[in-house]
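Asks: Sharing a structure below in structure tokens format, with a few things to ask.
The values are calculated or read from the model by the stated rules, or taken from the named source; none is laboratory data. All values reported here derive from a predicted model rather than from experimental measurement. A quick note on method: Cβ atoms are made from the backbone with ideal geometry, for glycine too, and the neighbour counts reach across all protein chains shown.
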Amino acid sequence: MPLKAYDLTGRTAFVTGAASGIGRATARLLAEAGATVHCADRDEKGLRETRALITEAGGSARTHTLDVTDRARLRAAVASADRLDVLAAIAGVMHTSTVLETRDEDLDRVFAVNFKGVLHACQEAARAMIAAKTPGSLITMASGAVDAAHPGLLCYSAAKAAVVQLTRTLAAELGPYAIRVNAVAPGWVRTPMTDRHDAALQHQAEQAMIRRAPLGRVGEPEDIAHAVLHLACDASAFTTGQILRPNGGTAMPW
């Protein structure tokens, strides 16, 4: 059993991006802590696998196949929960292009998922919590990319920087309702999203990260999931408006 401050028994969590990577690791860990987890993603096969992993371990999970850019589907999925205590808005996409090569459609797609998808999830979750007068925790997914300039990552880092400001503003606005809002800004983490890059370039990036990181390694999805769990539970009851940076100690993870 988890320590009492980390016990989510009787609570309900909603996790976007739950079909793989950080989202899957988070859904599994929240379920292990006792929460009923609603898992959302557009990858139906990945969602089934996540649910199977949770239920096989004795946890409780429901799945919602949706794209976070579809606000109506997102609203319906959040409304289907009997109650809502935790939101982990993790769904995201990666795009690389120089500033001069960036097209409007690139910027629109990345902001639609990485910023507006987070905004809409937070809005729907917060409205549900306020209506039910339920204290809660909203956790957004930022990135270490917001802390320095990274050539080729304009769309991604700009959207994540917007998430940071969204997090701080929501924390100020929702505090009176006993709803906490915090962000996690990971360093380089091995996930299916980062694995889509050229293998040689990925190896080069990982080695650069390892050289800069005092802990001497890149992150794993479970490392970030534990940061989310901390912000989701009573152990962080006096924490809001903060950006937690699990990045192995480096300020420039990319």
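Asks: What are the residues in segment 46-75 that are of a type in the set (A, V, I, L, M) and not in a loop (DSSP other than H, G, I, E, B), if any?
Replies: 47, 52, 53, 54, 61, 72, 74 - these are the residues of segment 46-75 that are of a type in the set (A, V, I, L, M) and not in a loop (DSSP other than H, G, I, E, B).
Asks: Sticking with this one: Looking for whichever is more than 23 Å from residue 26 (Cβ to Cβ), surrounded by fewer than 23 Cβ atoms within 10 Å (Cβ to Cβ) and modelled with pLDDT under 85 here; the options are 217, 211, 190, 196. Which one fits?
Replies: After applying the criteria, what remains is 211.
Asks: Looking only at segment 105-119, decide whether some residue is acidic (Asp, Glu) and free of Cβ contacts under 8 Å to residues at least 12 places away in the same chain.
Replies: yes
Asks: Quick one: which of 31, 18 is modelled with pLDDT of 95 or more, of a type in the set (A, V, I, L, M, F, W, C) and part of a loop (DSSP other than H, G, I, E, B)?
Replies: Of the residues listed, the single one that is modelled with pLDDT of 95 or more, of a type in the set (A, V, I, L, M, F, W, C) and part of a loop (DSSP other than H, G, I, E, B) is 18.
Asks: Could you tell me which numbered condition residue 178 fails, if it satisfies all but one of (1) under 23 Å from residue 41 (Cβ atoms); (2) modelled with pLDDT of 95 or more; (3) not β-branched (Val, Ile, Thr)?
Replies: (1)
Yes/no per residue for (1) within 24 Å of residue 230 (Cβ to Cβ); (2) at pLDDT 95 or above:
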{"residue": "80", "(1), (2)": "no, yes"}
{"residue": "105", "(1), (2)": "no, yes"}
{"residue": "127", "(1), (2)": "no, yes"}
{"residue": "137", "(1), (2)": "yes, yes"}
{"residue": "140", "(1), (2)": "yes, yes"}
{"residue": "153", "(1), (2)": "no, no"}
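Asks: Now a separate question. Which residue out of 18, 5 is of a type in the set (Gly, Ala, Ser), surrounded by fewer than 17 Cβ atoms within 10 Å (Cβ to Cβ), in contact (Cβ under 8 Å) with a residue 60 or more places away in the chain and touching a helix residue (DSSP H, G or I) at 6+ places or on another chain (Cβ under 6 Å)?
Replies: Testing whether each residue is of a type in the set (Gly, Ala, Ser), surrounded by fewer than 17 Cβ atoms within 10 Å (Cβ to Cβ), in contact (Cβ under 8 Å) with a residue 60 or more places away in the chain and touching a helix residue (DSSP H, G or I) at 6+ places or on another chain (Cβ under 6 Å) leaves just 5.
Asks: A further question follows. Anything in segment 48-101 that is of a type in the set (Gly, Ala, Ser) and touching a residue at least 40 places away in the same chain (Cβ under 8 Å)? List them, or say none.
Replies: 77, 79, 80, 81, 88, 89, 91, 92, 97
Asks: Right, another one. Among the residues of segment 158-165, is there at least one that is out of contact with any helix residue (DSSP H, G or I) (no Cβ under 8 Å at 6 or more places or on another chain) and of a type in the set (S, T, N, Q)?
Replies: Among the residues of segment 158-165, at least one is out of contact with any helix residue (DSSP H, G or I) (no Cβ under 8 Å at 6 or more places or on another chain) and of a type in the set (S, T, N, Q), which makes the answer yes.
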